[in-house]
Amino acid sequence: LLGVRDRAPVYAAATHPVDRSLPGREIAPGLRLVEAHLPQPIPRGPLPLGFARRGDQVDPGRLLFFDTETTGLAGGTGTRAFQIGAADWHRHPELGDGLRVRQLLITTLGAERAMLEEFSRWLRPGTVLSSYNGRCYDAPLLKTRYRLARMGDPISPLDHVDLLFPTRRRYRGRWENCRLATIERKLLGIVREDDLPGSEAPAAWLSYLRGGSSALLRRVCAHNHQDVVTLARLLLRLVEAHEQSPELSGAVRREAARAG
C-alpha cells in the first residue's frame, strides 16, 4: 500500500535572486541616507504665520518640513520610526537654489540609534519644524524613541508649525476630508502615481527585514519624499491664501454649517 500511495510533488525552491536594492547610500551599519535636490526659488523674506493664528514671521531658511514612516499607527513605546524624511530650502553650491530632501532609512533594528543621532544633527537651536499632524503624532513618537535610547531630546525645545490645523480651519467642508493626499490633489494639483498608502508601509518594511523584496519599501521611500515636498508647497499656499482673504476660514465654516 505504501508503494502505490500518491506522493506529493516536490517543488524546487525559486532560484531567481530577490531584489534587495534600495536608494541612497549607507552612512552607518543598517542606516541609509537618500538625498535629492529639487530646483526652485527660495522664498524671499520672512514668511508671516498669520494662517496659523500667530503674529510672528519665520525665515524660510529656518524651516524644516518632516514626516516619519512608522511600524504602526497607534503610537506608544512599541511603535518606532523606520524612516524620517525632511525637506528644507537650501542653496546648493553647484545646483543652486532649491528644496533639499533628505531621508533616513534603517534596514536593521540596531540602526535606530544611528538614525536618531543623524536626525539630531539636522536640527539647530533656531530650527522651526513643520509637519502635518506631527505635533500630535510624529514629534511625540520621536521624543519617545530618543528617551528610550537614553539620548537627549532635540525636538521639544524647537518651535513647531503644524499645518493640519490651519488647513482644517480654512478648507473643512469644501472637500470630503482634510487628509494630506486630498489637500495636495484638490488644492495643489498634485496627483500621485503608483503611490503606496501609508497604512501599508509597516508591512513593506517588515517584509524587507525578513528577507523579502525591496520593491514595496522603495515605494514607501517615494511616498515619504512626496509628503515632505508637499508640506513645503502647502505652507506657501496657506501663506498666500491668508494674505488674500484672511477671513475666508470663518466664511467656509458658516457655509458648512448652513449646508449641514
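Under a point-charge model restricted to the Cβ atoms of Lys and Arg (+1) and Asp and Glu (-1), what is the dipole moment magnitude of the chain relative to its Cα centre, in debye to the nearest 20?
For this selection, approximately 580 debye.
Only helical DSSP H runs with n ≥ 4 go in: add -39500 (n - 2.57) per run for the chain, normalise by residue count and round the 222 nm mean residue ellipticity to 500 deg cm²/dmol.
-10500 deg cm²/dmol
Positive end of the charge dipole of the chain (Lys, Arg +1 and Asp, Glu -1 on Cβ, about the Cα centre): tell me which of Trp175, His16, Leu187 has its Cα farthest that way.
Checked the options; the winner is Trp175.
Residues with amide H under 5 Å of Thr107's amide H, sequence separation 5 or more or different chain, H placed in the peptide plane at 1.01 Å from N; which?
Amide H to amide H, under 5 Å and 5 or more residues apart or across chains, Thr107 pairs with Leu31, Arg32.
Under DSSP H, which helices of the chain have Cα atoms covering 20 Å or more of the helix axis and a Kyte-Doolittle average no less than 0.0?
Answer set is 215-244.
When a/c reaches 1.5 or more, the comparison of a/b and b/c decides; with that in mind, is segment 25-257 rounded, prolate or oblate per its Cα gyration tensor?
Taking the square roots of the gyration eigenvalues as a ≥ b ≥ c, segment 25-257 is prolate.
Return a whole-number percent for the relative contact order of the chain, with Cα pairs under 8 Å and 6 or more residues apart as the contact set.
The normalised contact order for the chain reaches 23 percent.
Could you report the chain's accessible area per residue, 1.4 Å probe, as an integer in Å²?
Here the per-residue accessible area is 54 Å².
Could you work out the local net charge near Leu116, counting Lys and Arg as +1, Asp and Glu as -1, over the other residues with Cβ closer than 14 Å to its Cβ?
+2
If you put +1 on each Lys and Arg Cβ and -1 on each Asp and Glu Cβ, how big is the dipole of segment 13-114 around its Cα centre, in Debye rounded to 20?
Result for segment 13-114 is approximately 180 debye, rounded to the nearest 20.
Order of 49-55, 185-191, 110-116 by packing, highest average Cβ count within 10 Å first?
110-116, 49-55, 185-191
Using a 1.4 angstrom probe on heavy atoms only, work out the carbon and sulfur share of the accessible area of the chain in %.
On the chain, the fraction of accessible area on carbon and sulfur atoms equals 51 percent.
The values are calculated or read from the model by the stated rules, or taken from the named source; none is laboratory data. The structure displayed is predicted, hence computed values, not measured ones. All Cβ positions, even for glycine, are placed from backbone atoms using ideal geometry, and neighbour counts span all protein chains on display. Remember, those area values only see protein heavy atoms, side chains included, never the ligands or the DNA or RNA. Shrake-Rupley method; radii C 1.70, N 1.55, O 1.52, S 1.80 Å.
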